[in-house]
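What follows is a set of notes on a single structure, which appears directly below.
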Amino acid sequence: MKQQNLILSIATSAFLLIACSAAQAEGRAKFKGAKTNASGGVSSVQGGAAAGPNGNAGARGRFTTTDGQGNASSTSGGAVRGANGGVGVRAGQTSVNSDGSASQQSGAAVSTANGSGSTSGGFTRGADGTVQGGRSSSASGTAGGRFSSSSSYATGQ
């Protein structure tokens, strides 16, 4: 539950930074910290935010935890806002397990005066080394252009 609260805090901070168009301050801030956790591993958090002239701003954050048994998980996200009103966001989650299995999921989206786009996907690797995954992407322009793509892969294909 604490991990979810931390991720929610990072996401909320990024959202507020990007959404707050009235703020004209410039500068940057960074944070990071780590401590041992109840699982015998380490939990760490890091992130930063910056604001520039004309409304440019960005924020990012990452939370990583291990359990002392060879398992690790990391969740990250970020957001940017341009002076022209364009925004972009991304988020991802990666897990690596002591048995050799792993997974990754991520997504991103962008919206500008000229169009928008998004992508999402990921992969899994089993303890036996088999891999499968895929990604879907789409974009559209204000002039009516459209793009859509979907791909998948698996060991042995």
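The residues Asp128, Asp67, Asp99, sorted by heavy-atom accessible surface at 1.4 Å with ligands and nucleic acids left out, run Asp128, Asp99, Asp67 from largest to smallest. Working from label points 7 Å from Cα in the Cα-to-Cβ sense, the Ala139 to Asn114 distance is 0.9 nm. How many angstrom separate the Cα center of the stretch 51-82 from the Cα center of the stretch 85-134? The stretch 51-82 and the stretch 85-134 have Cα centres spaced 14 Å from each other.
Solvent exposure of the stretch 27-95, expressed per residue, is 54 Å² of accessible area, with all protein chains present and a 1.4 angstrom probe. A straight chain from Ala29 to Asn71 at 0.36 nm per residue would run longer than the Cα-Cα distance by 12.1 nm. Within the shell of other residues whose beta carbon sits under 14 angstrom from the beta carbon of Ala108, the net charge comes to +3, with Lys and Arg scored +1 and Asp and Glu -1.
With a cut-off of 14 Å on the backbone N, the residues of the stretch 55-93 near the modelled label site 7 Å out from Gln105 along Cα-Cβ are 74-76, 91-93.
The values are calculated or read from the model by the stated rules, or taken from the named source; none is laboratory data. As the structure is a computational prediction, the values presented were derived from the model and not from experiment. Cβ coordinates were reconstructed from backbone atoms using ideal geometry, including for glycine residues, and neighbour counts include every protein chain displayed. To get the accessible areas, we keep the full protein, side chains included, count just its heavy atoms, and leave off ligands, DNA and RNA. Shrake-Rupley method; radii C 1.70, N 1.55, O 1.52, S 1.80 Å.
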